[in-house]
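Data first, discussion second: the structure below is written as structure tokens.
The values are calculated or read from the model by the stated rules, or taken from the named source; none is laboratory data. The shown structure was predicted, so the numbers you read here are calculated from the model rather than taken from an experiment. No Cβ is skipped: glycine too gets one built from the backbone with ideal geometry, and neighbour counts run over all protein chains shown. Protein only, heavy atoms only, side chains kept; ligands, DNA and RNA dropped before computing areas. Shrake-Rupley method; radii C 1.70, N 1.55, O 1.52, S 1.80 Å.
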Amino acid sequence: QEMDSPDLALNLARALYAADKKSEAEAIVEQGLAKWPASTGLHTTLARMRIRRGDGDNATAVMEAEMARRPADLALRLACADVLHRAKRNQKALDILADALRAAPNNQALLTAFGVVLDELERPVDGLQVLRRVVELSAGAPAAQRNLLSTLIRAGQADEALRITRALRA
């Protein structure tokens, strides 16, 4: 009867979308964002809906407006970059991540995303530099090392990728 939480709005919108009621689903997400503008889940869902309908770079406009109102919300910036990356809008994703990294230069999630997007933009050597920084910051965490593997291969450093893989398997 009433949307009383962002989760309810999100689930209702997903159900409507799955039932091929895309316009209604989008309207529910917009209503949810009017009530809960800080909901990263609602922002992500709206942007993905708009990407699917062909809005391109404009698909994240609502999200970007909220980022401007809340510049310290790094999770929202990361989510926006993720939506753009999945939509193959990598340069725009890179720009958003670069801006976020100015505020938090050692944030491992932002750095990892930045390295991955650099790799996607055919800049694997630059991506490796960033991903190696994440390994450094994480004291060699296995997840950070795994994130290096495909970029190492694309950068022509398969021997190092094999060495890391063997060490992780051990």
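For this structure, a couple of remarks:
- Among the residues here, LEU10 does not qualify as in a helix (DSSP H, G or I) and within 23 Å of LEU148 (Cβ to Cβ).
- Residues being modelled with pLDDT of 95 or more, open to solvent by 60 Å² or more (accessible area, probe 1.4 Å), assigned to a loop (DSSP other than H, G, I, E, B) and charged (D, E, K, R) are entirely absent from segment 126-149.
- Qualifying position, being in contact with a Leu (Cβ under 7 Å, 6 or more places away or on another chain), within 21 Å of ALA59 (Cα to Cα) and surrounded by 20 or more Cβ atoms within 10 Å (Cβ to Cβ), among VAL83, VAL117: VAL117
- Leading residue by the ranking (nearest to the chain's Cα centre (by Cα)) among those in segment 42-69 that are within 20 Å of LYS21 (Cβ to Cβ), open to solvent by less than 30 Å² (accessible area, probe 1.4 Å) and of a type in the set (Gly, Ala, Ser): ALA47
- Segment 32-46 residues that are within 15 Å of ALA61 (Cβ to Cβ), paired with ones that are open to solvent by less than 60 Å² (accessible area, probe 1.4 Å) and of a type in the set (Gly, Ala, Ser) (beta carbon under 6 Å, 6 or more apart): LEU42/GLY32; THR44/ALA79
- Pair list, Cβ under 8 Å, 6 or more apart: segment 99-123 residue outside any helix (DSSP H, G or I), other residue of a type in the set (Lys, Arg) and surrounded by fewer than 23 Cβ atoms within 10 Å (Cβ to Cβ): none
- Pairs with Cβ under 9 Å, 6+ apart, first in segment 9-20 and open to solvent by less than 70 Å² (accessible area, probe 1.4 Å), second at pLDDT 95 or above and part of a loop (DSSP other than H, G, I, E, B): ALA9/TRP36; ALA9/SER39; LEU10/SER39; ALA15/LYS21
- Members of segment 78-106 found to be farther than 25 Å from ALA139 by Cα and basic (Lys, Arg), listed by number: ARG86, LYS88, ARG89, LYS92
- Answer from ALA34, ALA38, ALA93, ALA72 - the residue that is open to solvent by 20 Å² or more (accessible area, probe 1.4 Å) and part of a helix (DSSP H, G or I): ALA34
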